[in-house]
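Since every read-out is calculated from the coordinates, none of them should be taken as a lab result. These numbers were taken from a predicted model, which means no experiment stands behind them. With ideal geometry, Cβ positions are generated from the backbone for all residues, glycine too; neighbour counts draw on all protein chains shown.
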């Protein structure tokens, strides 16, 4: 649960929303949207893990180089899982468009709205960790969802 409610999870959802926004406009086939978003998300996740590992190579003073690298990569990967996990719901929505369960163009829009909803839930959950005040939790959810809403508004404007 901790990996899902993290900055990497929020970053992953924002990344997917941005990629859907861009790829959804440029794609001739909606399968392209799904493939491009998956591939780009994977590249960014690897880059995130790499950056985290490099940043924390010196965290453990004891042990040899191999142990330091292994621990740094393992810690970075564990910290970054939320980026992939949080991307699953909007990606499932895109996949539903690919298999023609819904119109592919509607799937792109639904995926963006799924990102907005997921961002709201993540913001609410993260604030709920440190306060019991419902108003603060709702404000956190709204503020985080607003980031995704900006992308939806931009897509509406561009579309």
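Key figures for this structure:
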| quantity | calculated |
| --- | --- |
| Full-extension gain in nm, residue 67 to residue 32, via 0.36 nm per residue minus C-alpha separation | 8.6 nm |
| CD proxy at 222 nm, helix term only [per DSSP H run n ≥ 4: -39500 (n - 2.57); per residue of the chain; nearest 500] | -28500 deg cm²/dmol |
| Computed Kirkwood radius, in angstrom, where 1/r is averaged over Cα pairs of the chain | 16.7 Å |
| Segment 96-159 shape via C-alpha gyration tensor axes, a/c threshold 1.5 | oblate |
| The chain, relative contact order [Cα under 8 Å, separation at least 6], % | 29 percent |
| Computed E for residue 139/residue 55 - FRET, C-beta separation, R0 30 angstrom, nearest 0.05 | 0.45 |
